[in-house]
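A.B. asks: Let me give you the structure first, and then I'll get to my questions.
What follows draws every value from the coordinates through simple rules; no lab data is involved. Note that the structure is a prediction, hence the values are computed from the model and not measured. Positions of Cβ are generated from backbone atoms using ideal geometry, with glycine treated the same way; all protein chains shown enter the neighbour counts.
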Amino acid sequence: MFVVPSLLPLHDLISIVHHGVVDCLAIIANLILLVTIAVRSPERMGSYKILLVNTALVDLIAALTALICMPRPVPVGHLLAYIYIGPCTLIN
């Protein structure tokens, strides 16, 4: 069996893959929702359309932020420490 050497432990790799898949799906779903709201919603749903756009934009920003940061919680006694393992660590 061929094993690719890695600098990251297995749980970090699993966390990166999980964040990548879930956040990319959230970004795609929110972009589809925004396009659908802009193209297919009738004019009589004005207030509800604004509410949906606001919710989709906030969720899209949250998914983008989570994809860039990729926080991984680590238990430290009774507390949680967050280690950021995403692309934002390259800018740091």
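A.B. asks: For helix 46-69, what angle does its Cα long axis make with the longest principal axis of the chain, in degrees from 0 to 90 and rounded to 10?
C.D. replies: Tilt relative to the chain: about 10 degrees.
A.B. asks: Work out the FRET efficiency for ALA62 and ILE16 from their Cβ-Cβ distance, taking R0 = 22 Å, and round it to the nearest 0.05.
C.D. replies: Step by step, r from the Cβ atoms, then E = 0.75.
A.B. asks: Find which of ALA66, HIS11, ASN54 sits farthest along the positive direction of the dipole of the chain, computed with +1 on the beta-carbon of Lys and Arg, -1 on that of Asp and Glu, about the Cα centre.
C.D. replies: Of the listed residues, the answer is ASN54.
A.B. asks: Below 8 Å, C-alpha to C-alpha, sequence gap of six or more: please give me the relative contact order for region 8-92 in percent.
C.D. replies: RCO, region 8-92: 31 percent.
A.B. asks: Specify the angular offset, from 0 to 90 degrees and rounded to the nearest 10, of the alpha carbon long axis of helix 10-40 from the longest principal axis of the alpha carbons in the chain.
C.D. replies: 10
A.B. asks: FRET efficiency for LYS49 and ILE83, Cβ-Cβ distance as r, R0 = 30 Å, nearest 0.05?
C.D. replies: 0.15
A.B. asks: Right, here's the next one. Assuming a viscosity of 1.567 mPa s and a temperature of 4 °C, what translational diffusion coefficient in µm² per second does Stokes-Einstein assign to region 10-91, Rh being the Kirkwood radius over Cα pairs?
C.D. replies: 89
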